[in-house]
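Asker: The structure that follows is given in the form of structure tokens.
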Amino acid sequence: MRRKVQVFSPHFDDASLSCGEHILSWLAAGFDVEVYTIFSQFESEYLSQDSQDFMRRSGSTAVQTFQHERSQEDSGSMKLLGVKNYYWLGLTDGGFRSDRHKPVYSSHKELFSGIIADPPAWQAKLHKELQSVVHKDAEVVFPLGVGHHADHLLVRNMLREIVPEAQQHCYVDVPYAFVASSWDLSQIS
């Protein structure tokens with residue numbers, strides 16, 4: 001394995017929950033570990049009822065408060081893991097993205113349907129952003145896409161295009177992996 005590992009986390013908690021123990025072992029073995037959280041921004045202009053409910057269940061009613069709390073949690077988990085190099089790419093979380101004055105994913109069911117509904121121009125922006133941060137000499141770790149969350153699938157699909165196959169490694173998406181119906185055996189090819 002190369003000495004540099006880049007872990008791509010669609011959301012603030014994905015890297016910590018899904019491969020925290022791996023991160024600890026890579027750091028202990030002397031690897032240079034970087035964690036990139038892609039969808040680290042929350043917009044408030046056209047919120048779906050589902051996103052409003054999600055924030056409320058999390059104890060927040062304002063998007064700015066939710067943003068602050070989530071980023072603080074991530075900083076804390078990175079500190080606990082010992083990750084010094086972590087980056088927030090600042091793209092909008094799928095449950096909070098809008099297009100043409102309406103939510104891209106208006107419900108939990110749509111967000112987890114396995115269908116990527118984001119417009120091509122937005123996907124091109126994401127692809128360009130990911131391409132700009134991938135190191136040629138790194139092992140690249142990203143979600144397998146268990147659970148069919150649109151953000152996880154976007155990250156997986158784009159990094160599979162950008163990163164040479166020999167440098168690709170997937171982690172199993174927690175907590176979705178604990179639900180048998182979340183699995184699609186074609187993902188494991």
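Asker: Nearest 10 degrees, 0 to 90: what angle lies between the long axis of helix 63-81 and the longest principal axis of the chain (Cα atoms)?
Answerer: Rounded to the nearest ten degrees, it is 20.
Asker: Looking at this model, which pairs from Lys84/Lys125; Lys84/Lys128; Lys4/Lys128; Lys84/Lys136 are more than 23 angstrom apart at the alpha-carbon? Intermediate results must be reported in sequence, preceding the final value.
Answerer: On the way: Lys84/Lys125 27 Å; Lys84/Lys128 25 Å; Lys4/Lys128 21 Å; Lys84/Lys136 21 Å.
Correct reply: Lys84/Lys125; Lys84/Lys128.
Asker: Could you point to the residue in Val146, Tyr105, Tyr87 farthest towards the positive end of segment 52-162's charge dipole, with +1 and -1 charges on the Cβ of Lys/Arg and Asp/Glu respectively?
Answerer: Farthest towards the positive end: Tyr105.
Asker: Please report the projected area of segment 77-155's Cα convex hull averaged over all directions, in nm². It would help to have the intermediate numbers written out before the result.
Answerer: Numbers: hull surface 26.2 nm².
The orientation-averaged projected area of the Cα hull of segment 77-155 comes to 6.5 nm².
Asker: Also: For segment 1-90, just run the numbers: alpha carbon Rg, then divide by 2.2 N^0.38 Å, N being how many residues it has.
Answerer: Numbers: Rg = 14.8 Å, N = 90, 2.2 N^0.38 = 12.2 Å.
Segment 1-90 yields a ratio of 1.22.
Asker: Distance from a point 7 Å along Cα→Cβ of Val179 to each backbone N in segment 81-116: keep the residues under 18 Å and list them by number.
Answerer: Under cut-off, by backbone N: 94-96, 105-116.
Asker: How would Lys128, Lys4, Lys84 rank on accessible area, largest to smallest, probe 1.4 Å? Before the final figure, lay out the partial values.
Answerer: Working: Lys128 150, Lys4 35, Lys84 175 Å².
Final ranking, largest accessible area leading: Lys84, Lys128, Lys4.
Asker: Still on this structure, please answer the following. How much length, in nm to one decimal, is gained on full extension between His108 and Arg57, taken as 0.36 nm per residue of separation minus their Cα-Cα distance? Don't jump to the answer; show the numbers that get you there.
Answerer: Values: separation 51, 0.36 × 51 = 18.36 nm, distance 1.38 nm.
So the chain would gain 17.0 nm between His108 and Arg57.
Asker: Would you mind putting 100-109, 137-146 in packing order, based on average other-beta-carbon counts within 10 Å, highest first? Could you put the intermediate results ahead of the total?
Answerer: Numbers: 100-109: 15.0, 137-146: 22.2.
With the highest mean Cβ count within 10 Å placed first, the list reads 137-146, 100-109.
Asker: Provide the percentage of antiparallel DSSP beta bridges, counting only those with both residues in segment 1-135; round to the nearest 5. Present the calculation step by step, with values, prior to reporting the outcome.
Answerer: On the way: 2 of 13 bridges.
The antiparallel proportion sits near 15 percent.
The values are calculated or read from the model by the stated rules, or taken from the named source; none is laboratory data. All of these numbers come straight from a predicted model, not from anything done at the bench. Reconstructed Cβ throughout: ideal geometry from the backbone, glycine too, with neighbour counts over all protein chains shown. With ligands, DNA and RNA removed, areas are computed over all heavy atoms of the protein, side chains included. Shrake-Rupley method; radii C 1.70, N 1.55, O 1.52, S 1.80 Å.
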